[in-house]
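The values are calculated or read from the model by the stated rules, or taken from the named source; none is laboratory data. None of these values were measured; they are calculated from a predicted model. Virtual Cβ from ideal backbone geometry, glycine too; neighbours counted across all protein chains shown.
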Amino acid sequence: MSRIYLSAPDVRGPEREMVLAAIDSNWCAPIGPDLDAFEAEVAELSGRRFGVALASGTAALHLALLELGVKAGDEVLVSTFTFVASAAAVTYCGATPVFIDSESESWNMSPELLAEELADRRRAGRPMPAAAMVVDLYGQCADYDRIVPILAEYEVPLIEDAAEAIGAALGERPAGSFGEAAVFSFNGNKLITSSGGGMLVTDDEHMAHRVRHLATQARERAPHYEHVEVGFNYRLSNLLAAFGRGQLVGLSDRIARRAEIRSLYVDVFADVDGVEFNPIVDGRTVNHWLTCITVDAERAGFSAEELRLHLEASDIESRPLWKPMHLQPVFVEAPARLDGTSDALFATGLCLPSGSGMDDTELRPALDQITSFLEVSGASSPAPSIVRSTS
Ligand SMILES: *Cc1c(COP(=O)(O)O)cnc(C)c1O
């Protein structure tokens, strides 16, 4: 039996057709009509005027920071509970990430801690951060209803790291619509993929133009190669954009499938004390990128790590939640405002196989292995009723 992955690429018919059509039309250069169309489609989906397709989500974060003027010596507030790319992009600019802990409601950046950090800086007369990068984790938007006004009060620009959140929404507003710029990832394990790629979306025409320029080696308009600044080779190719467009066609089906997968896990753990799912806040539409649990080992009678090892023995991939950036050896020196929330999530959490490409028969071994694990660990058996002796 083949390995069950956390989130394998889910490739269907349209991608194949669109890539072949791009090849047949000879648009194998880095630019082309699929690239333009992919940008327009993702911009529309995220309620933005402009999209710039790039080689990765990380590249998009890097250019967003540069265009907001982040430079060496600056500080940027970043969610500590995230994938390393959010913080790495800050260091590419020579700036220092300042990590902010999560709220337990959504696991995303805590608006309280963010407000405290900014208020403390103002009180102490310390410089304001050059930007804030707020992450939408596991397919759920952060609390922008509170975060946006806080940042506005201190005039700190916002980058929304929506790498994991395509198709999600906060109220009526889609993921990717918050801040000066937002970023999506089309890496292979994300909800939709271009087999590697990313996009910056914005309403700012100047920024879109600048990012496109920087991403193409900052080549000036001239018959020869003319450069007045140093750029990057960060553009997505037309072929990969065709692939991404094909994936986008089935976005809502993929989200629906991931929602079903979550509900199957909810059933399996229904009688287990001490197991909770990644929370979904009222009013937020999530894309169910990954279904995650936290395990209170004392109440459950097993730990997340024991369950992970059990699944791994059957070639089923599961993974701890993001290890917070403030715990990463590479960032131990970075300042951080913490309250223990992400530490606890990392210590007790597990992401379960959630790929939309799995049908029920492919998912079945994962569900069965969890069920048998729960039986052996005694977790799923109903609590024995207490029988009192009357003699
Ligand atoms: C995947 C991811 C990225 C990076 O995207 P790439 O396309 O892999 O470079 C950035 N931030 C978060 C939160 C991610 O999950």
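Here is a yes/no grid of residues against (1) at pLDDT below 95; (2) among the β-branched types (Val, Ile, Thr); (3) in contact with a helix residue (DSSP H, G or I) (Cβ under 6 Å, 6 or more places away or on another chain):
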position	(1), (2), (3)
Ala347	no, no, no
Pro353	no, no, yes
Thr361	yes, yes, no
Gln369	no, no, yes
Val387	yes, yes, no
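Kindly provide the set of residues from the range 163-187 that are within 12 Å of Tyr138 (Cβ to Cβ), within 11 Å of the ligand (Cβ to nearest atom) and of a type in the set (Gly, Ala, Ser), ordered by number. Listed by number, the residues that qualify are Ala163, Ala165.
For the residues Gly167, Gly246, Gly188, the requirement of being in contact with a Pro (Cβ under 9 Å, 6 or more places away or on another chain), crowded, with 17+ Cβ neighbours inside 10 Å and part of a loop (DSSP other than H, G, I, E, B) singles out Gly167. Number of residues in the range 191-219 that are within 17 Å of Pro30 (Cα to Cα), in a loop (DSSP other than H, G, I, E, B) and touching a residue at least 60 places away in the same chain (Cβ under 8 Å): the value is 4. Note on the range 341-361: residues that are more than 10 Å from Cys292 (Cβ to Cβ) and part of a loop (DSSP other than H, G, I, E, B) total 6. Contact annotation: residue pairs with Cβ atoms under 9 Å, 6 or more positions apart or on different chains, pairing a residue in the range 61-88 that is within 10 Å of the ligand (Cβ to nearest atom) with a partner that is assigned to a loop (DSSP other than H, G, I, E, B) and of a type in the set (Val, Ile, Thr), are Ala87/Thr80. Answer yes or no: is there a residue in the range 323-332 that is buried (at least 21 other Cβ atoms within 10 Å of the Cβ), under 15 Å from Thr291 (Cβ atoms) and not aromatic (Phe, Trp, Tyr). Checked against the condition, which is being buried (at least 21 other Cβ atoms within 10 Å of the Cβ), under 15 Å from Thr291 (Cβ atoms) and not aromatic (Phe, Trp, Tyr), the range 323-332 yields no hits at all.
Only one entry in Ile31, Ile23, Ile4 is buried (at least 17 other Cβ atoms within 10 Å of the Cβ), on the phi < 0 side of the Ramachandran plot and among the aliphatic types (A, V, I, L, M), namely Ile4.
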